[in-house]
1. Out of A:197, A:176, which single residue is in contact (Cβ under 8 Å) with a residue 24 or more places away in the chain, touching a strand residue (DSSP E or B) at 6+ places or on another chain (Cβ under 6 Å) and surrounded by 22 or more Cβ atoms within 10 Å (Cβ to Cβ)?
2. From B:182, B:189, B:172, grab the single residue that is away from every other protein chain (no Cβ under 14 Å), under 27 Å from residue A:105 (Cβ atoms), assigned to a helix (DSSP H, G or I) and more than 19 Å from the chain's Cα centre (by Cα).
3. Exactly one of these conditions fails for residue B:31: (1) in a helix (DSSP H, G or I); (2) open to solvent by 10 Å² or more (accessible area, probe 1.4 Å); (3) among the charged types (D, E, K, R); (4) closer than 18 Å to residue B:171 by Cβ. Give me its number.
4. Can you name the condition, by its number, that residue A:9 falls short on among (1) touching a Lys or Arg at 6+ places or on another chain (Cβ under 6 Å); (2) open to solvent by less than 20 Å² (accessible area, probe 1.4 Å)?
5. Restricting attention to the range B:53-70, which residues are in contact with a helix residue (DSSP H, G or I) (Cβ under 9 Å, 6 or more places away or on another chain) and in contact (Cβ under 8 Å) with a residue 24 or more places away in the chain?
6. If you go through the range A:23-34 one residue at a time, do you hit one that is open to solvent by 10 Å² or more (accessible area, probe 1.4 Å) and closer than 26 Å to residue A:157 by Cβ?
7. Can you tell which of A:352, A:320 is hydrophobic (A, V, I, L, M, F, W, C) and open to solvent by less than 20 Å² (accessible area, probe 1.4 Å)?
8. Could you grab me the full set of residues in the range A:411-431 that are within 20 Å of residue A:385 (Cα to Cα) and among the small types (Gly, Ala, Ser)?
Amino acid sequence: MTDPSRAPSLEAIGMEKRFGVLAALDNVSMRVEAGSVHALLGENGAGKSTLVKCIMGYYRPDSGAVVLDGHEITIRSPRDAHLHGIGMVYQHFTLVPSMTVLENLVLARAPGPGRIDWEAERARLDTFLRTMPFTVRLTTPVAALAAGERQKAEILKQLYLDARFLILDEPTSVLTPQEADEMLSMLRSMARSGRITVLIITHKFREVLAFADAVTVLRRGRLAGGGSVGALGVEAMARLMVGEDRIADAASRSLRGPGAELVTVEALEAVDDSGATALRGVSLAVRAGEIVGIAGVSGNGQSALVEVLAGQRRARAGAVRIHGTPYHATRREMLAHRLAVLPEEPLRNAAVATMSVAANMALRRFDQPPIAHGMFLRAGPMRAEAETLIARYRVKTPSADAAIGTLSGGNVQRAVLGRELGREADVLIAANPVFGLDFAAVADIHAQIIAARNRGTAVLLVSEDLDELLELADRILVMADGRVVYETDAATADRMLIGQHMAGHA
Amino acid sequence: MSGIGWWGVPVAVLAGAIRVSTPFLFVSLGELVTEKSGRVNLGLEGTLVMGAMSGFAVAWLTGSPWLGVLAAALVGALLGVLHAAICSLPRVNPIAVGIAMMLFGTGLAFYLGKPFIEPKAPELPALDLGAWSTSPAIRSALKVNALFFIGVALAPALVWMLRNSGIGLVLRMVGDSEDAARAMGYSPRLVRLAATAFGGAMAGIGGSFLSLYYPGSWNEGLSSGQGITAVALVIFARWNPMGCLWASLLFGGAGALGPALQAIGVTGFYHLFNALPYMVTLLIMIISCSPDRTLAGAPGELSITR
């Protein structure tokens, strides 16, 4: 057992894990010093989460050992990991949304089956919270917390469970830059004081440089390298992460100024699934040949905006005009205005998982010639069109007849983007188009979006990744609490200022 | 009823609310617990009929109605365990299993219950709350069965349990976020097994009320879909135990309106009045639904496609 009052060191030695023929982890070793902040860097599918899931006891590694403070330990389940003081904050939060923070924290301590003494539990938690560098309102239901607050509650939960070795999976992906900095520096100071050791899974160099002491880089299930952050530098880390893969060149944007106003949104209001107001009078305009980026922490109305434009949600008030005519998101209007939509999670929102790639690619146009022939569908043209798009958009699929649900996330994204942009589009609405994709796919999709802009498409790009917006957009609007609260030219944008508006203080 | 004329109608509705609601109340409270754990058990209709049959059989054989209730609860719990066990196999759809269990339960009850169709079993005791009145209608209306009081007490007890006990919190967690439960080392499968067994036991007790008190005998036409209606009542009650209580009373009362009106001579629209509970349900569902919102209070893991 480790000294329960001190941050432990942890070493993973020769970890291997296979899923069928795929080696998710191939002889990976990593050493995390006691009281340090260690970054685990790698692209999607590099094996980062497999490695930590082996450490946490979700997976049994095929071989390899975990050494905690010099003693080899066996972890068969997350419960074992907790007993050794290893806790993890997941990317998908594990708090129960309908319960209050208090109920969640009490539950985490595995209460007995009987009556819960709320008075005593509260007193105990208040004492605990006084020793913490930050706090969260205990009586708020988790569903009502902003993402940053939820993240804090998750961290508090682990610390309340006496976790001394804290693993965080992409902890800043849902935070504003300020929230991210605040949380990371808080974790670092807790590590400095010898209270905890922190392992952060990330792909953001900025955070690694600013907050991590050491780094381990994985690539395709293997150890690509590592060392102290100061000694490595960004260049070396990027090379370790991507390897010798060639990255598509950053798409060059033509400097032709924007054209006529194609999309006009006026005082749009809508409610979300729970009946709460999601849009409180959003107005914006997108012109031909321009990318308008919508920044904001998730859950501030961006999804509702995209859903209204895509026809997935009814607006309660306000108006949308495309080409100057009223738009109600009917199929006929989408066709007439040549509207393309790439929603988030396209497999769920824009594709039928069990249908073939060819059928999915025909969803926009199956009722038009040449695919439609009277009331019949013609398989030949459908297939031919799909094959053209598959080649042009580099969709990796065994064939046009494979079910689209069997493709990887990046390829589903490419397939849907191909369908939407396959014919010239006047308007493109894209929401988090590269979420969860690897470097090559990100560069590819960004290039397609820029190319569409250069051809004169009006692009509305919603993203939770500010860096993506700063790279792609011509103008950036910030949404907070269902309103557009700030607008700036992307070329002269100040990320800290944008961050303040995202957080709603400015 | 002629003695009190038009007053017979509210009295009969009250009597119906109390008498007819009891099986609805037990089945819906049981199903509520099952659904709070994130699973739907549509098989409760079969469980109800099995409970009615086994409760009646045991009461007749032993002479004790309470042993009958106990037996019904045990049989119900066993059917619940069976449902949960089948559902925890991979790639099994709980809706299909529920429908199969419904047919299995009723079929088995008819088969095993043949010898008990004729006899009369000892009845469950009732409290005479109407002893003060001289009107036979009021006296019979206020003759309230002990199981009704247990069911009424159970609703607030469940509210308290869901909010203030470890069991309640774990149950809600499993029903709301399986990931959270797993991350904390609880087994959703075991929690659902227990919750489905509890739901089955409650449905069994509800069935025993049918055969041991009202109507008070065992035959194959005993249940007219109370089990399946009670499952729908849980949604109607928005997963709130007190809501189940009010919904059961409303349903029982509305069901008694038709016969009561007939008793005082209003014979027109008899069948229409019999359909009243269902119309009231539809109406309330339509009023309380919204195209913009998902159902408030629904456990997050509850899905018919899972």
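The values are calculated or read from the model by the stated rules, or taken from the named source; none is laboratory data. Since we're looking at a predicted model, the values are computed, not measured. Ideal geometry is used to build each Cβ from the backbone, glycine not excepted, and the neighbour counts take in all protein chains shown. Side chains included, ligands, DNA and RNA excluded: accessible areas come from the protein's heavy atoms. Shrake-Rupley method; radii C 1.70, N 1.55, O 1.52, S 1.80 Å.
1. Step by step, each of A:197, A:176 is checked, and only A:197 is in contact (Cβ under 8 Å) with a residue 24 or more places away in the chain, touching a strand residue (DSSP E or B) at 6+ places or on another chain (Cβ under 6 Å) and surrounded by 22 or more Cβ atoms within 10 Å (Cβ to Cβ).
2. B:189
3. (2)
4. For residue A:9, the exception is condition (1).
5. B:53, B:54, B:55, B:56, B:57, B:59, B:60, B:64, B:65, B:66, B:68, B:69
6. Looking through the range A:23-34, at least one residue is open to solvent by 10 Å² or more (accessible area, probe 1.4 Å) and closer than 26 Å to residue A:157 by Cβ.
7. A:320
8. Those that are within 20 Å of residue A:385 (Cα to Cα) and among the small types (Gly, Ala, Ser): A:415, A:418, A:422, A:425.
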